[in-house]
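One structure is given here, and the rest of the page talks about it.
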Amino acid sequence: MNKSKKLMTWMFTVVRILVGWHLLYEGIVKLVNPNWTAAPLLSQSTWIFADFFKSLALNPDIMPVVNFLNTWGLILIGLGLFLGLLTRLSAISGAILLTMYYFVQPPFVGLMLLGNTEGNYIWVNKILIEIAILIMIAILHKKWFYSFDEFIVDLMESKKTGRKNGSIEVPQEDNPEFAELPLLDRRRMVKNLISIPVLGIFSYAVLKNFGYESNEEKRLRIDGVSSASVLTRNFAGLSELKEQVPKGKLGNLEVSRLICGGNLIAGAAHTRDLIYSSKLLKNYFTDKKIWDTFRLCEDTGINTALVRTAHDTIKIFNQYWDLGGKIQWLAQTYSYPEKGKIFDNTQWAIDSGASAVYLQGNIADKWMYAGRVDYFEKFLNHFHGKGIPVGIGGHEIEVAKMIEENGLPCDFYMKTLHTQNYWSFQPDEPKPPVRLNPIDNYWCRKPDETIKFMENVEKSWIAFKILAAGAIHPKEGFKHAFESGADFACVGMFDWQVVEDANIMTDTLKNLKNRKRKFV
């Protein structure tokens, strides 16, 4: 074999091992993670087979089979390519598997969740490149690789002929360049087994990466459960979804009883003295992460998200809807009558696709304390009866009282509600109005009065801040809100909290015992 042919054989062999390394690693990652599931990927399918893939994601009987085939398919295909064992079969199987991945989320214009980012290049992405490489590996003759396949063939041929040296009989029209190779030439045998030491390196790297520990490391590891030493936490995936979140009516609009809150997405985390948290949230919630969160919400039956009205949020919704998303936008809007802009922001939300609108709580609190019933009257009369529900927010129960006492046409209320039994409430400290509270550690000063007054209100009530900005566990917060009379609950959620919160919500609604107020 001349030098150019040897170089090409080495290059093809290296490419085969690299692709095998990648697929094998991907399979092992999934195998060692007991919580991994393909459901989130399938649930976000955006192309012609989207309905089929989403149906798999929502089927708890099929998903374990899909996960098993996916994990072990990657491991076996990767190992086959890595070692050069059953190379052609491994390459064909890998190309088929990756083609299915490609169909789930192709990098087509208008369908890309990631946008024009690294690895997605409009029609072409890393998956498509690997598919092309695998097809090439499947087409090439096995003589173009140093592999276990070649070692086995040489060994069998050597035993069959009884020769230790000689020529490999290859048809002239196939690969005449290899005709001079000896059957069990020592150098070629070593080359055919070259993947073994590479596999050793791979195994060592994987063990180090996935938690191989010496006895000393195990003894040093902290096993307690405290804020500084929690090792892992398991989060529910779509395969663990019990059922879709129930829905109710907000005016003429069908809305899930659990609404996805927008403060986390906007970076307004109400994290008290942890002043860096808002910046962390803004970095976490990229456009793609927001879309992922919305898709998970839709998959669990949460069909509405409450988000403020601004250029960036409108852009995110429009792009998400262009990608096929259906989530409804409950728009938090602002009003500035002192600037002659009492209707502008709300009208902008309606024109931009909002399904319902409401006046933001701090503004409503300000109008209430100023006694400006006329502002509420102008706002509600202007938007009421125009085809979408219009509501009023508030942290103080006096806002709802003012609206009700004056008989203003409000479709629903956004009113805070939470217990006062949480670590940062500080009951002995003064409690100024929420909008004037610099500590930002409470949002409902009068929960008992709120519950009592809302019992007789015949309009829908969306309770928010029911978890006191994360200080109250959802099981406690959901139960308190709905037993106290709320019709809906708005809760900020990370993507990895959506399924768990959906399950808690369905369980809560099934087990209400002390609710007095009828659902509106």
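The values are calculated or read from the model by the stated rules, or taken from the named source; none is laboratory data. Since this is a predicted model, take the numbers as computed values, not measurements. Cβ sites come from the backbone with ideal geometry, for glycine too, and all protein chains shown count toward neighbours. SASA here: full protein model, heavy atoms, side chains in, ligands and nucleic acids out. Shrake-Rupley method; radii C 1.70, N 1.55, O 1.52, S 1.80 Å.
Expressed in units of 2.2 N^0.38 Å, where N is the residue count, the Cα radius of gyration of segment 308-367 is 1.19. Loop-located GluC sites (Glu not before Pro) in segment 436-520 (DSSP state other than H, G, I, E, B) with a sparse environment of at most 13 neighbouring Cβ atoms within 10 Å: Glu455, Glu458. Cross-link pairs exceeding 25 Å between alpha carbons, from the set Lys249/Lys341; Lys247/Lys513; Lys326/Lys475; Lys282/Lys315: Lys249/Lys341; Lys326/Lys475. Annotation: per residue accessible area for segment 1-115 equals 48 Å², rounded to a whole number [probe 1.4 Å, protein chains only]. Once neighbouring chains are kept in place and the probe is 1.4 Å, which whole percent of the accessible area of segment 392-520 is contributed by carbon and sulfur? Here carbon and sulfur together make up 49 percent of the probe-accessible area. What part of the accessible area of segment 230-383, given as a whole %, is carbon or sulfur when the probe is 1.4 angstrom? The C+S portion of the solvent-accessible surface of segment 230-383 is 51 percent. Can you give the accessible area per residue of segment 236-357, in Å², using a 1.4 Å probe? Value for segment 236-357: 43 Å² per residue.
Largest to smallest in accessible area, the residues Ile327, Ile451 fall in the order Ile451, Ile327 (1.4 Å probe, all protein chains included).
For the residues Met136, Met63, Met368, a 1.4 Å probe over the protein chains yields an accessible-area ranking, largest first, of Met136, Met368, Met63. Between Lys249 and His311, the FRET efficiency estimated from the beta carbon spacing at R0 = 25 angstrom works out to 0.20. Pop out the carbon and sulfur fraction of the accessible area of segment 9-84 as a percent, whole number, probe 1.4 Å. Carbon and sulfur together cover 75 percent of it. Whole Å is fine, so just give me how far the alpha carbon centre of segment 308-326 lies from that of segment 375-413. So the separation of the two Cα centres works out to 26 Å. Database remark: amide H of Thr416 closer than 5 angstrom to the amide H of Gly394, Phe464 (H placed geometrically; neighbours at sequence offset of 5 or more, or on other chains; Pro and chain starts carry no H).
Between Ile62 and Val15, the simple spin-label model (points 7 angstrom out along Cα→Cβ) gives 3.6 nm. Mark the label point 7 Å from the Cα of Lys386 along Cα→Cβ and return the residues of segment 233-259 whose backbone N is within less than 20 Å of it. Those under the cut-off are 250-254. Accessible area per residue for segment 431-520 is 44 Å², calculated with a 1.4 Å probe on protein heavy atoms, without ligands, DNA or RNA. In segment 344-399, Rg over Rh equals 0.97, where Rg is the alpha-carbon radius of gyration and Rh the Kirkwood radius from pairwise Cα distances. Taking 0.36 nm per residue of sequence separation and removing the Cα-Cα distance, the Ser55/Asn362 pair yields an extension gain of 106.3 nm. Over all other residues within a Cβ to Cβ distance under 11 Å of Glu338, the charged ones net out to +4, with Lys and Arg as +1 and Asp and Glu as -1. The Cβ shell under 12 Å around Lys431 holds other residues with a net charge of -1, Lys and Arg each +1, Asp and Glu each -1. Karplus-based coupling profile of segment 39-48, in residue order and whole Hz: 4, x, 5, 5, 5, 9, 4, 10, 10, 5, with θ = phi - 60° in 6.51 cos²θ - 1.76 cosθ + 1.60 and x standing for Gly or Pro. Restricting the calculation to Cα atoms, segment 264-406 shows an Rg/Rh of 1.00 when the hydrodynamic-style radius is the Kirkwood one. Legend: Rg and Dmax of segment 410-520, from Cα coordinates, 14.0, 38 Å. A simple spin-label model places the labels of Ile96 and Trp72 1.6 nm from each other, with each point 7 Å out along Cα-to-Cβ. Length available on full extension from Arg515 to Asn456: 0.36 nm per residue minus the Cα-Cα distance, which gives 19.9 nm.
Between Lys279 and Met156, the C-beta separation translates, for a Förster distance of 51 Å, into a calculated FRET efficiency of about 0.20. Histogrammed with a bin width of 5 Å, the alpha carbon distances of segment 1-108 distribute as 2, 12, 18, 19, 17, 13, 8, 4, 3, 2, 1, 0 percent, first bin at zero.
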